[in-house]
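Structure first, commentary second.
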Amino acid sequence: MKKPIKDGKHPRIILWDTEVSTAIVRGYGNKWDFRYVKEVRPQELMSYSWKELGSKTVHFVHMHEFKNQHDFVKSLADLLNSADITIAHNGINFDDKMANTFFIRNGIDRPSPSKSIDTLRVARRKFKFPSNSLGDLGEYLGLGGKESVAYRELEDKFLEGNKKAIKAMKKYNDRDVTLLEAIYKKLLPYIDNHPNMGVYMREEGICAHCGSTNLNRRGEAYRVTGSVVQWFCKDCKSWSYDRVATPETKPTLVGK
């Protein structure tokens, strides 16, 4: 169960990334014309890395630390259950769905719902980058790329419990999370539907995106319901505005 957020405290924001094995199936034909007969081994959760937003520590958790897949998958459910906001790249279409698949297959209750931020969706919705993959975005934005590994060979050795492969997977998985955080911070001003930090922190006069009080007033904008005051955050470079800009009301900053 999530602990209630106390006044003046940031929500628990988790950046995460999973590594999932390929499935092994039996069938007839070739790679261009393959007829499926039987699944020999389903996809399995191999590892996941995660960190709290702003923390220097990246945590790596892998299948060989646990007695069975159930306990391993349960550790991921516990992590997600503790989060108020989760951030992943292609999380909505991949990590979230794969995690749900592992949960239901292992008889694990669904974690309590949290707000999800998918940096891939932000990249696709707001920009025309040459490529929206995590590694290519990192390179394009000058943040560095992913770890270069021979993934097919790494997977086989990792599943066998090879120590060098586990170490290489940690390096690969951890780098995805640190790169994800850098990309998230770069794209943050463009995430219009970002969860409102003012609501979580129960405070007024703070940046709706990051919770900073380092704001500059930048004129007014006009809505159907009337004028609103615009604010620019010097820390995360995002825009917020007062929901109702009248002398009689206190400003409650929300994402633009």
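The values are calculated or read from the model by the stated rules, or taken from the named source; none is laboratory data. These numbers were taken from a predicted model, which means no experiment stands behind them. So basically every Cβ, Gly included, is an ideal-geometry build from the backbone, and we count neighbours across all protein chains shown. When the accessible area is computed, the model is the full protein with side chains, heavy atoms only, and any ligands, DNA or RNA have been set aside. Shrake-Rupley method; radii C 1.70, N 1.55, O 1.52, S 1.80 Å.
Specify the residue that is surrounded by the fewest Cβ atoms within 10 Å (Cβ to Cβ); the eligible residues are those in the range 160-178 that are closer than 15 Å to Thr18 by Cβ and not charged (D, E, K, R).
That would be Tyr172.
Looking at (1) in contact with a Leu (Cβ under 7 Å, 6 or more places away or on another chain); (2) part of a strand (DSSP E or B), which one does Val229 not meet, given that it meets all the others?
Against the list (1) in contact with a Leu (Cβ under 7 Å, 6 or more places away or on another chain); (2) part of a strand (DSSP E or B), Val229 comes up short only on (1).
Within the range 2-40, can you find the residues that are open to solvent by less than 70 Å² (accessible area, probe 1.4 Å), among the basic types (Lys, Arg) and at pLDDT below 85?
Residue satisfying the conditions is Lys2 alone.
Consider Ile191 against the criteria (1) aliphatic (A, V, I, L, M); (2) open to solvent by 20 Å² or more (accessible area, probe 1.4 Å); (3) under 26 Å from Ala208 (Cα atoms): it satisfies all of them except one. Which criterion is unmet?
For Ile191, the exception is condition (2).
So how many residues does the range 197-225 have that are out of contact with any Cys (no Cβ under 9 Å at 6 or more places or on another chain) and open to solvent by 30 Å² or more (accessible area, probe 1.4 Å)?
Count: 14.
Scan the range 14-37 for residues that are acidic (Asp, Glu) and in contact with a Phe, Trp or Tyr (Cβ under 8 Å, 6 or more places away or on another chain) and report the count.
Of the residues in the range 14-37, the ones acidic (Asp, Glu) are 17, 19, 33.
From the residues that got through so far, the ones that are in contact with a Phe, Trp or Tyr (Cβ under 8 Å, 6 or more places away or on another chain) too are 17, 19.
Going through the range 14-37 one residue at a time, the tally reaches 2.
Which of the residues that make up the range 115-138 are touching a Gly at 6+ places or on another chain (Cβ under 7 Å), outside any helix (DSSP H, G or I) and open to solvent by less than 30 Å² (accessible area, probe 1.4 Å)?
Selection gives Asp118 alone.
Ala83 fails exactly one of the following numbered conditions: (1) free of Cβ contacts under 8 Å to residues at least 12 places away in the same chain; (2) part of a loop (DSSP other than H, G, I, E, B). What is the number of that condition?
Of the numbered conditions (1) free of Cβ contacts under 8 Å to residues at least 12 places away in the same chain; (2) part of a loop (DSSP other than H, G, I, E, B), the odd one out for Ala83 is (1).
Collect the residues in the range 140-158 that are over 19 Å from the mean Cα position of the chain (by Cα) and either open to solvent by less than 70 Å² (accessible area, probe 1.4 Å) or of a type in the set (D, E, K, R) (or both), keeping them in residue-number order.
Here is the first cut: in the range 140-158, the residues over 19 Å from the mean Cα position of the chain (by Cα) are 140, 142, 148-158.
Correct list: Gly142, Val149, Ala150, Tyr151, Arg152, Glu153, Leu154, Glu155, Asp156, Lys157, Phe158.
Take the conditions under 30 Å from Val199 (Cβ atoms) and modelled with pLDDT of 90 or more and apply them to Lys56. Does it pass? Write out each step before concluding.
Values: under 30 Å from Val199 (Cβ atoms): yes; modelled with pLDDT of 90 or more: yes.
When the stated conditions are applied, Lys56 passes them.
Does Leu45 qualify as being surrounded by 12 or more Cβ atoms within 10 Å (Cβ to Cβ) and touching a residue at least 60 places away in the same chain (Cβ under 8 Å)?
It is false that Leu45 is surrounded by 12 or more Cβ atoms within 10 Å (Cβ to Cβ) and touching a residue at least 60 places away in the same chain (Cβ under 8 Å).
Starting from residues that are of a type in the set (S, T, N, Q) and under 18 Å from Leu180 (Cβ atoms), keep the ones in the range 72-105 and report whichever is least open to solvent (accessible area, probe 1.4 Å). Steps first, answer last, please.
As a first pass, look at the range 72-105 and keep what is of a type in the set (S, T, N, Q): 75, 81-82, 86, 90, 93, 100-101.
Restricting the remaining residues to those that are under 18 Å from Leu180 (Cβ atoms) gives 86, 90, 93.
Details: Thr86: 8, Asn90: 49, Asn93: 74 Å².
By that ranking, first place goes to Thr86.
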